[in-house]
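**Student:** Please find one structure pasted underneath; my questions will follow.
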Amino acid sequence: TGGDAVYSVPLPDGRIIWAFGDSFLDTVYPDRSRPPSPLIRNTMMLQQGKNMTTLHGGTPDAPAAMVDTDDPDNEWYWPLDGTVQDDILYMFYAYFIRTGGGAWDFQYVRTELVAFQLYDFSILWQEPVWEAPGIIFGVAIMETDEYTYIYSTDDEPWTKHAHCARVPAGDFLAPWEFYDGAGGWSSTFPGEAGWMTKGSGDFGVDVAASYSVFYHEGRYRLLTQEGFLGPDIHSYESLEPYGPWKGKQLVYTTPEAGGTLFTYNALLHPHITRPGSSAMLVSYCVNTNNFFELFSDADVYRPYFFWLDYLD
């Protein structure tokens with residue numbers, strides 16, 4: 001009945017898997033309030049046409065995260081991007097630990113790759129694939145015939161920059177190569193030198209905690225919400241999957257932001273298009289800094305959507 005993150009992966013049979021972060025699973029009352037219930041750190045929803053099935057770990061009476069830990073109050077996984085290869089669903093998950101008692105007192109530790117069976121979404125295996133302080137890989141992936149590109153963001157509260165890595169198409173456990181910032185690729189992580197940029201001499205393209213990279217109408221495109229939990233969503237374009245990212249364009253301003261509400265983590269879902277149009281679906285998350293509003297109004301914690309047509 002509420003969640004954030006909102007990644008989607010098309011399945012070979014036409015269904016869609018949606019991956020959510022912190023999720024409410026209980027009911028919503030007619031007045032749009034919800035009963036007090038714990039947040040489940042990650043869940044999924046299976047969409048088949050207009051039918052939706054919620055997926056989680058544990059049992060119906062005691063639900064748990066799809067990808068769980070022994071101590072979910074103090075360590076947890078949040079979902080990142082994913083894809084399907086050879087009838088296996090691969091999803092990146094970011095592992096976090098609690099560092100204090102405040103709402104924002106947590107720290108990223110590593111990214112793990114989780115392989116799910118497609119027939120029942122049980123976990124086949126999970127493996128750490130990236131561990132470095134402050135750099136979260138897996139927030140976006142973009143696939144070509146030759147390579148799968150894996151993108152990062154910074155685990156920083158304010159300005160976030162991005163790196164690009166690649167592996168042979170679909171082979172996430174192969175050695176990663178990193179864009180070096182100078183048109184080449186390296187087996188060694190390049191640090192700040194490898195930041196994706198807007199152009200010559202630019203300090204780096206700013207991204208949100210989540211963003212999307214995709215190929216559309218002859219160009220690679222990057223869609224991201226502005227930092228600092230700002231309401232504006234921008235698009236960039238490039239001739240290469242690693243930039244430079246140019247042509248910054250404001251595509252949407254989230255109307256819900258303001259007062260106690262904030263919006264974040266816009267994502268584009270290029271496999272979902274409006275019938276009879278080239279417009280693609282974009283999601284973003286709405287949340288509140290008033291804890292009690294989470295229960296008094298279910299509409300302040302759920303994804304919102306709009307259509308984006310690059311031909312308009």
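**Student:** In segment 194-312, which strands (runs of 3 or more DSSP E) lie fully inside it and hold 3 or more residues that are at negative phi and crowded, with 21+ Cβ neighbours inside 10 Å?
**Tutor:** Once the strands (runs of 3 or more DSSP E) in segment 194-312 are filtered for at least 3 residues that are at negative phi and crowded, with 21+ Cβ neighbours inside 10 Å, what remains is 211-216, 219-225, 232-238, 261-273, 280-288.
**Student:** Continuing with the same structure: Which members of segment 273-312 meet the condition of being touching a residue at least 60 places away in the same chain (Cβ under 8 Å), touching a Ser or Thr at 6+ places or on another chain (Cβ under 9 Å) and of a type in the set (D, E, K, R)?
**Tutor:** Listed by number, the residues that qualify are D297, R302.
**Student:** Among the listed residues V28, V67, which satisfies the condition of being touching a helix residue (DSSP H, G or I) at 6+ places or on another chain (Cβ under 6 Å), modelled with pLDDT of 95 or more, surrounded by 13 or more Cβ atoms within 10 Å (Cβ to Cβ) and among the aliphatic types (A, V, I, L, M)?
**Tutor:** The unique qualifying residue is V28.
**Student:** Are there strands (runs of 3 or more DSSP E) fully within segment 79-190 with at least 2 residues that are within 18 Å of the chain's Cα centre (by Cα) and surrounded by 14 or more Cβ atoms within 10 Å (Cβ to Cβ)? List them.
**Tutor:** Fully inside segment 79-190 and qualifying: 88-98, 106-117, 123-130, 135-143, 147-154, 164-168.
**Student:** Evaluate segment 40-49: report whether one residue or more is at pLDDT below 95 and either crowded, with 18+ Cβ neighbours inside 10 Å or at negative phi (or both).
**Tutor:** No, every residue in segment 40-49 fails to be at pLDDT below 95 and either crowded, with 18+ Cβ neighbours inside 10 Å or at negative phi (or both).
**Student:** Mind listing whichever residues of segment 154-173 are at pLDDT below 95 and of a type in the set (V, I, T)?
**Tutor:** T159, the sole residue that qualifies.
**Student:** In addition: Quick check on segment 86-97. Is at least one of its residues over 20 Å from D154 (Cα atoms) and modelled with pLDDT under 95?
**Tutor:** yes
**Student:** What are the residues in segment 190-223 that are over 17 Å from V139 (Cα atoms), at pLDDT 90 or above and hydrophobic (A, V, I, L, M, F, W, C), if any?
**Tutor:** Selection gives A193 alone.
Residue-by-condition table, conditions (1) over 18 Å from S210 (Cα atoms); (2) in contact (Cβ under 8 Å) with a residue 60 or more places away in the chain; (3) among the aliphatic types (A, V, I, L, M):
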residue	(1), (2), (3)
G101	yes, no, no
V114	yes, no, yes
V129	yes, no, yes
S152	no, no, no
W158	no, yes, no
V167	yes, no, yes
W185	yes, no, no
W195	no, no, no
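**Student:** If you go through segment 13-56, how many residues are in a strand (DSSP E or B) and either in contact (Cβ under 8 Å) with a residue 12 or more places away in the chain or aromatic (F, W, Y) (or both)?
**Tutor:** 18
**Student:** Suppose the filter is of a type in the set (G, A, S), more than 30 Å from T224 (Cα to Cα) and in contact (Cβ under 8 Å) with a residue 24 or more places away in the chain; does S8 pass it?
**Tutor:** So S8 does not fit the description; no.
**Student:** Next question, about the same structure. Give the residue that is farthest from T83 (Cα to Cα), with candidates limited to residues of segment 255-273 that are over 18 Å from the mean Cα position of the chain (by Cα) and not charged (D, E, K, R).
**Tutor:** Top of the filtered list is G259.
The values are calculated or read from the model by the stated rules, or taken from the named source; none is laboratory data. Source: prediction; values computed, not measured. For neighbour counting, all protein chains shown are included, and Cβ atoms are generated from backbone atoms with ideal geometry for every residue, glycine included.
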